[in-house]
Every structure is written in structure tokens, then in C-alpha cells.
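Reading through the C-alpha cells given below for one structure.
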Amino acid sequence: MPLYEHVMIARQDLSNSQAEGLIEHFGAVLSDNGGKLVEQEYWGVKTMAYKINKNRKGHYSFLKTDAPAGAIQEMERLMRLHDDVMRVLTIKVDEHGEGPSVQMQKRDERDTRRERR
């Protein structure tokens, strides 16, 4: 099955448990449609570059999935209809990266920058 990565932004006035409950809800939608949630990360409340629906901040979540295209389309459709979800970005990847995402790594661990001249 194809591999996908999703970043979801939920409203800032949700509690942490409600934001993580959204991840579980959409993971259940995937499993009902023949896919599976490989890994999930809750990045926390972060400030956005611009306002979305009068919100300056949002709960960021990162999902790695292994699901058929129909399951992904259904999950995205439900995300667009859900009042608490402000934005969703989905990309298809060849393989999932090992370990935590760049957002969850400490600055010392992600020392992959080139040296400046």
C-alpha cells in the first residue's frame, strides 16, 4: 500500500487531550477503510505565521500512514468537514523516515547543516 505523511492543525482552544483524541479518531477512520496509522506525533501548540479563522496558534499533529488512496480520501474529507481542524497537508512518500521527525528532535541531534564559509 502507498505511504503518506500528514500534518494537521487543530484549533488553539482545544485541550491537549482533545487534540490527541482527533488523531485517534482519524486513525480509526483509516483502519475502518483498510489502512493503518503507522506512527503519530503530537507537536503541541505552535504560533502560526498568519491567522487562520481568527486563530494565531494551533495544535500541530504529524501522522504517518500506510493506506489505500480511498482511505486517505475519506480521512481528508472528514478532516475538511470537522470544525476543529483548520488545515491539513498530505504528501505521498516512498518510505517513512526512521526515528522522530525534525520537529521532535533537539537542535543538537539534527546537526545536518553545512558549514558556512
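Do the conditions hold for Gly97, that is, is it out of contact with any Leu (no Cβ under 8 Å at 6 or more places or on another chain) and surrounded by fewer than 14 Cβ atoms within 10 Å (Cβ to Cβ)? Taking the combined requirement at face value, the residue satisfies it. Of all residues in region 11-63, those satisfying the criterion of being of a type in the set (D, E, K, R) and touching a strand residue (DSSP E or B) at 6+ places or on another chain (Cβ under 9 Å) are Arg11, Asp13, Glu20, Glu24, Lys36, Glu39, Glu41, Lys46, Arg56, Lys57. Residue-level analysis places Leu37 outside the set of residues that are assigned to a helix (DSSP H, G or I) and buried (at least 17 other Cβ atoms within 10 Å of the Cβ). Restricting Met104, Met79 to those that are in contact with a strand residue (DSSP E or B) (Cβ under 8 Å, 6 or more places away or on another chain), surrounded by 10 or more Cβ atoms within 10 Å (Cβ to Cβ) and modelled with pLDDT of 90 or more reduces the list to Met79. Going by the conditions given, is Val29 without any contact (Cβ under 8 Å) to a residue 60 or more places away in the chain and closer than 19 Å to Ile91 by Cβ? Considered against the rule, which asks whether it is without any contact (Cβ under 8 Å) to a residue 60 or more places away in the chain and closer than 19 Å to Ile91 by Cβ, Val29 comes out as yes.
For region 33-62, filtered to residues that are hydrophobic (A, V, I, L, M, F, W, C) and out of contact with any Asp or Glu (no Cβ under 7 Å at 6 or more places or on another chain), the residue that is farthest from Leu22 (Cα to Cα) is Ala49. Quick one: would you say Gly58 is at pLDDT below 90 and of a type in the set (Gly, Ala, Ser)? Taking the combined requirement at face value, the residue does not satisfy it. Among the residues of region 47-76 satisfying the criterion of being outside any helix (DSSP H, G or I) and either on the phi > 0 side of the Ramachandran plot or among the polar types (S, T, N, Q) (or both), which is surrounded by the most Cβ atoms within 10 Å (Cβ to Cβ)? Looking at the filtered set, the residue picked out is Thr65.
Scan region 77-87 for residues that are farther than 14 Å from Gly21 by Cα, in contact (Cβ under 8 Å) with a residue 12 or more places away in the chain and assigned to a helix (DSSP H, G or I) and the total you get is 1. In the set (1) part of a strand (DSSP E or B); (2) farther than 26 Å from Gln105 by Cβ, His25 fails one condition alone, (1). Of all residues in region 1-20, those satisfying the criterion of being surrounded by 13 or more Cβ atoms within 10 Å (Cβ to Cβ) and outside any loop (DSSP other than H, G, I, E, B) are Leu3, Tyr4, Glu5, His6, Val7, Met8, Ile9, Ala10, Arg11, Gln18, Ala19, Glu20.
The values are calculated or read from the model by the stated rules, or taken from the named source; none is laboratory data. This is a predicted model, so every value here is computed, not measured. Note that each Cβ is placed from the backbone with ideal geometry, even for glycine, and that neighbours are counted across all protein chains shown.
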